[in-house]
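Everything on this sheet refers to the single structure shown next.
Nothing in this text is a laboratory measurement; each read-out follows from the coordinates by a stated rule. Note that the coordinates shown come from a computational prediction; the quantities given were computed from them, not determined experimentally. Cβ placement follows ideal geometry from the backbone for every residue including glycine, while neighbour counts extend to all protein chains displayed.
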Amino acid sequence: MSEATILLTIHLKHDQSQNLEQIQAHLAKTAWWERFPPPGVEIVSWNVVMGIGQVVTLRLPPRLLNVVNVEIERCAWGVFSTEFFPTYDFVPVRERLKREWQESKA
């Protein structure tokens with residue numbers, strides 16, 4: 001992606017009052033697998049946390065944040081409750097801080 005991006009971690013908590021077949025039927029009815037993530041949004045990781053739900057990390061331009069939110073509301077609500085965590089890649093910051101710390105010791 002050429003424009004500035006953010007990371008967004010989404011916790012999709014399973015509605016445990018529904019079984020897998022019910023959840024999959026809802027997701028099929030709402031075209032979840034076609035609609036999510038929306039165009040212009042990259043999946044960084046998608047993990048199943050057994051007994052809890054799914055944790056999805058997306059990379060997207062900030063201008064698409066509302067589009068992601070709407071697709072979650074359209075497709076996932078009813079089988080997942082959701083929590084959103086905007087994040088950023090700390091690795092470059094960590095590397096800079098480590099380098100500065102090492103330089104200060106020299």
Inset, instruction - Give me the distance in nm between label points sitting 7 Å out from Cα along the Cα-to-Cβ direction at GLN102 and GLU73, one decimal. - result: 4.8 nm
Inset, instruction - Place a +1 charge on the Cβ of each Lys and Arg in region 6-105 and a -1 charge on the Cβ of each Asp and Glu, then give the dipole magnitude about the Cα centre in debye, rounded to the nearest 20. - result: 300 debye
Legend entry - Mean ellipticity per residue at 222 nm, deg cm²/dmol - from DSSP H runs of n ≥ 4 across the chain, formula -39500 (n - 2.57): -9500 deg cm²/dmol
Legend entry - Percent of beta bridges antiparallel (DSSP, region 6-105, rounded to nearest 5): 95 percent
Legend entry - Distance between region 76-106 and region 1-74 - C-alpha centres, whole angstrom: 20 Å
Legend entry - Nearest 10 degrees, 0 to 90: helix 20-29 Cα axis against the chain principal axis: 90 degrees
Legend entry - Cα-based reach from LYS13 at 24 Å (exclusive), listing lysines while leaving out same-chain residues under 8 positions away: LYS29
Inset, instruction - Run the quick spin-label model on PHE90 and ILE52: label points 7 Å from Cα toward the beta carbon, then report their separation in nm to one decimal. - result: 1.6 nm
